[in-house]
Amino acid sequence: RMVKITTLNRRPVAQPSDWPSIKEMPRQHAIVHPQRQFGAKDMKKICRGFIPTTQDQRWFIYFTSNRLRLHRSWTGFLIYDVGFEFDFKGGASIADIVVNRNGRQYKSKDDENDLNLLYEVIQQYLLQPVPSYSLEVPRN
């Protein structure tokens, strides 16, 4: 008889040193001030960041000094640098977003499209449930 064991995989906390060739934000950038908030539960996930493990995962993301930095995994270019202001409950509001506008590093010039992409990346890479793994083992 087999017993199914399910383990929840916890994503490691990403650090800048986890990725070999991250770059700084270029002088050509825009600053956007959206109205967006995240609750404490979501901020715990956001602060863990994301370390890509396959080529299909196109972002390396880490959190440091109240800023979420999103780099393209293949090039190391910093595309979004998101500042947060935390509340007393552990939730946070976005204070500002610095967006890369160097045409050789990032082609977009549209703030609204950038906000939509940023929120999609946060949702897909940081807020989606981490997959669980199941393993069947013999029962004694």
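One line per residue, one yes/no per condition, for (1) part of a strand (DSSP E or B); (2) hydroxyl-bearing (Ser, Thr, Tyr); (3) touching a residue at least 24 places away in the same chain (Cβ under 8 Å); (4) surrounded by 15 or more Cβ atoms within 10 Å (Cβ to Cβ):
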{"site": "Pro34", "(1), (2), (3), (4)": "no, no, yes, yes"}
{"site": "Ile46", "(1), (2), (3), (4)": "no, no, yes, yes"}
{"site": "Asp56", "(1), (2), (3), (4)": "no, no, no, no"}
{"site": "Ile61", "(1), (2), (3), (4)": "yes, no, yes, yes"}
{"site": "Leu70", "(1), (2), (3), (4)": "yes, no, yes, yes"}
{"site": "Thr75", "(1), (2), (3), (4)": "no, yes, yes, no"}
{"site": "Tyr80", "(1), (2), (3), (4)": "yes, yes, yes, yes"}
{"site": "Phe84", "(1), (2), (3), (4)": "yes, no, yes, yes"}
Out of curiosity, is Ser65 open to solvent by less than 60 Å² (accessible area, probe 1.4 Å) and either within 10 Å of the chain's Cα centre (by Cα) or farther than 17 Å from Ser108 by Cβ (or both)? no
I'd like to verify a number: residues in region 96-108 that are in contact (Cβ under 8 Å) with a residue 40 or more places away in the chain and either surrounded by fewer than 14 Cβ atoms within 10 Å (Cβ to Cβ) or of a type in the set (D, E, K, R) (or both), how many? 3
Is it the case, given these coordinates, that Asp96 is at pLDDT 95 or above and in a strand (DSSP E or B)? yes
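The values are calculated or read from the model by the stated rules, or taken from the named source; none is laboratory data. Keep in mind that this is a model prediction, so the values were computed, not measured. All Cβ positions, even for glycine, are placed from backbone atoms using ideal geometry, and neighbour counts span all protein chains on display. Accessible surface is based on the protein model in full, side chains and every heavy atom, while ligands, DNA and RNA are left aside. Shrake-Rupley method; radii C 1.70, N 1.55, O 1.52, S 1.80 Å.
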